[in-house]
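The values are calculated or read from the model by the stated rules, or taken from the named source; none is laboratory data. Just so we're clear, the structure is a prediction, and the values are computed from it rather than from any experiment. Here Cβ is always computed from backbone atoms with ideal geometry, including for glycine, and neighbour counts include all displayed protein chains.
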Amino acid sequence: MKPNVSVLSVLIASFYFFYFALIGVHIIFIPKILSQVGFEPSAIGVIFASAPLVRFAIPFLFLKGFRLSQKTFFTALSLMAFGAIGFYPALEHFWPLLGMNVLFGIGIALILPYIEVIALEHIGKERYGKIRLFGSIGFIAIALILVNYLTTPYIGIGFLIAMALSTLMFGALIGLKEGNIPSNECGASDEACRFSIKKHIPLWIGFFLMQVSFGPFYNFFTIYTTDHGVSLEMTVWLWSFGVIAEIMMFYFQGKLLMRNLHALLWITAFITALRWLLVAIFPSSLMVLFASQTLHAFSFALFHTAAISVLFSLYHARRLSQQFFFGISYGLGGFVGALGAGIVYQYAPSYLFVAGAVAALGAAVAFWINNKPKKMLVVDNQ
């Protein structure tokens, strides 16, 4: 028996709120905290590259018979929470901190794709954005709150732990309501159950490069702006402004998603390349930085929903396709982006966001090649 959709909607919205509040602490404040306790940019890049690398490796287990059962989902939630708690004693020690971030990454690699497919199945594509925007609200809320209390590095870690435990609680409630879910839900025939990247190679290259382009932003934007004279408080407002634009897009994107989804991918990737160029050329201009943050509506919100909707339509093995999307983009792409951004910022800091723009432009080209021979893909309303 299916759980009540309205109850499930509330639980999923709450999960998104705390999950992305957790991500907000991790990507806005933890890099700055690590810099404050003495880590060099290259070391920060290695630490932040570890979780995405694990995220990339996890989906391949599903091709070997691994199943994302309720028990596995609960284990992933526990690993995520344990990794976050482990940040506290490990904060000033590279190898223990790296280990905790790996455990954190294993948990993150499994829990979000599981929730995303439940959201698409039970809430539907049209309402997805209006539920997903609660994650954006959580992200912006934690940023505006924590900046006023971050007097020591360990306060930031305390917030990380609190958000992880809240995510654990709501994730567990969703898991209990949803019950045991198989790792894929494709049709009866063996052919329908097969999953292959080879048929859409440019698409997957685009997903990878798009997330590589976010390496400078997710891992070094706070450090980059404060190094160019922007205060930490104003930097948090820049992050928040981008999320406000993201929320607006999530709420109103429904009609855009009725168009050619493949075209939306290359258009949003091209806009992302423009965004990173603005940050690279005008690193100290608040006006330009705020303008660039408005483009987050396209480079994240519209791109993300278009991407998961394309995969939802292309593949019968929907959970597996989402696992690989997060693994190849946020996993492998996040790993290369974080590691590359750390190296570039240590040895050629003025080229940090130029490198991001080049990667985003490469993604736009890949998506354009993938779109060129295809007919229009329209999302089903039913």
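Restricting attention to segment 278-299, which residues are among the aromatic types (Phe, Trp, Tyr), surrounded by fewer than 23 Cβ atoms within 10 Å (Cβ to Cβ) and in a helix (DSSP H, G or I)? Outline the logic, then answer.
Going residue by residue through segment 278-299, those that are among the aromatic types (Phe, Trp, Tyr) are 282, 290, 298.
From the residues that got through so far, the ones that are surrounded by fewer than 23 Cβ atoms within 10 Å (Cβ to Cβ) too are 282, 290.
The answer is Phe290, and nothing else.
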Residues satisfying the stated conditions in segment 330-382, i.e. modelled with pLDDT of 90 or more and in a loop (DSSP other than H, G, I, E, B): Ala348
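Evaluate segment 196-206: report whether one residue or more is over 18 Å from the mean Cα position of the chain (by Cα), over 19 Å from Leu361 (Cα atoms) and in contact (Cβ under 8 Å) with a residue 40 or more places away in the chain. It would help to see each step written out before you state the result.
Step one: filter segment 196-206 for residues over 18 Å from the mean Cα position of the chain (by Cα), giving 196-202.
Checking the rest, the ones that are also over 19 Å from Leu361 (Cα atoms) come to 196-199.
Applying the additional criterion that residues be in contact (Cβ under 8 Å) with a residue 40 or more places away in the chain yields 197.
Within segment 196-206, one or more residues are over 18 Å from the mean Cα position of the chain (by Cα), over 19 Å from Leu361 (Cα atoms) and in contact (Cβ under 8 Å) with a residue 40 or more places away in the chain.
Here is a check on your reading of the model: is Phe139 at pLDDT below 95, touching a helix residue (DSSP H, G or I) at 6+ places or on another chain (Cβ under 8 Å) and part of a helix (DSSP H, G or I)?
Values: at pLDDT below 95: yes; touching a helix residue (DSSP H, G or I) at 6+ places or on another chain (Cβ under 8 Å): yes; part of a helix (DSSP H, G or I): yes.
In short, yes.
Name the residue, out of Ala109, Ala84, that is under 18 Å from Tyr330 (Cβ atoms), modelled with pLDDT under 85 and either part of a helix (DSSP H, G or I) or touching an Asp or Glu at 6+ places or on another chain (Cβ under 9 Å) (or both).
Answer to the selection: Ala109.
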What residue, among those in segment 81-96 that are touching a residue at least 60 places away in the same chain (Cβ under 8 Å) and closer than 20 Å to Gln36 by Cβ, is surrounded by the fewest Cβ atoms within 10 Å (Cβ to Cβ)? Tyr88
Please name all residue pairs, on different chains or six or more residues apart, with Cβ atoms under 6 Å, provided the first residue is in segment 279-294 and is under 24 Å from Phe250 (Cα atoms) and the second residue is part of a helix (DSSP H, G or I) and small (Gly, Ala, Ser). Val279/Ser292; Gln293/Gly242; Thr294/Ala245
Only one of Pro113, Pro59 that is touching a Phe, Trp or Tyr at 6+ places or on another chain (Cβ under 7 Å) and under 20 Å from Tyr218 (Cβ atoms): Pro113
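Of the residues Ser69, Ser78, Ser35, which single one is at pLDDT below 95 and surrounded by fewer than 16 Cβ atoms within 10 Å (Cβ to Cβ)? Steps first, answer last, please.
On the way: Ser78 fails: at pLDDT below 95; Ser35 fails: surrounded by fewer than 16 Cβ atoms within 10 Å (Cβ to Cβ).
Answer to the check: Ser69.
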What are the pairs with Cβ atoms under 7 angstrom where one residue, in segment 319-335, is more than 13 Å from Gln211 (Cα to Cα) and the other, located anywhere, is polar (S, T, N, Q)? Sequence gap at least six, or different chains. Arg319/Ser183; Arg319/Asn184; Leu320/Ser183; Leu320/Asn184
Which numbered condition Ile271 fails, given (1) in a helix (DSSP H, G or I); (2) under 27 Å from Ile44 (Cα atoms); (3) among the aliphatic types (A, V, I, L, M): (2)
Within segment 142-174, how many residues turn out to be modelled with pLDDT of 90 or more, of a type in the set (Val, Ile, Thr) and buried (at least 16 other Cβ atoms within 10 Å of the Cβ)? 5
Confirm whether Phe60 is under 23 Å from Ala317 (Cα atoms), aromatic (Phe, Trp, Tyr) and assigned to a helix (DSSP H, G or I). yes
I'd like the full set of residues that are surrounded by fewer than 24 Cβ atoms within 10 Å (Cβ to Cβ) and under 14 Å from the mean Cα position of the chain (by Cα), limited to segment 331-364. Leu332
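Looking at Lys177, Lys199, which is the one that is surrounded by fewer than 20 Cβ atoms within 10 Å (Cβ to Cβ), in a helix (DSSP H, G or I), touching a helix residue (DSSP H, G or I) at 6+ places or on another chain (Cβ under 8 Å) and modelled with pLDDT under 95? Full working, then the answer.
Values: Lys199 fails: touching a helix residue (DSSP H, G or I) at 6+ places or on another chain (Cβ under 8 Å).
Of the residues listed, the single one that is surrounded by fewer than 20 Cβ atoms within 10 Å (Cβ to Cβ), in a helix (DSSP H, G or I), touching a helix residue (DSSP H, G or I) at 6+ places or on another chain (Cβ under 8 Å) and modelled with pLDDT under 95 is Lys177.
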Considering (1) out of contact with any Asp or Glu (no Cβ under 9 Å at 6 or more places or on another chain); (2) buried (at least 16 other Cβ atoms within 10 Å of the Cβ), say which one Val117 fails and leave the rest. (1)
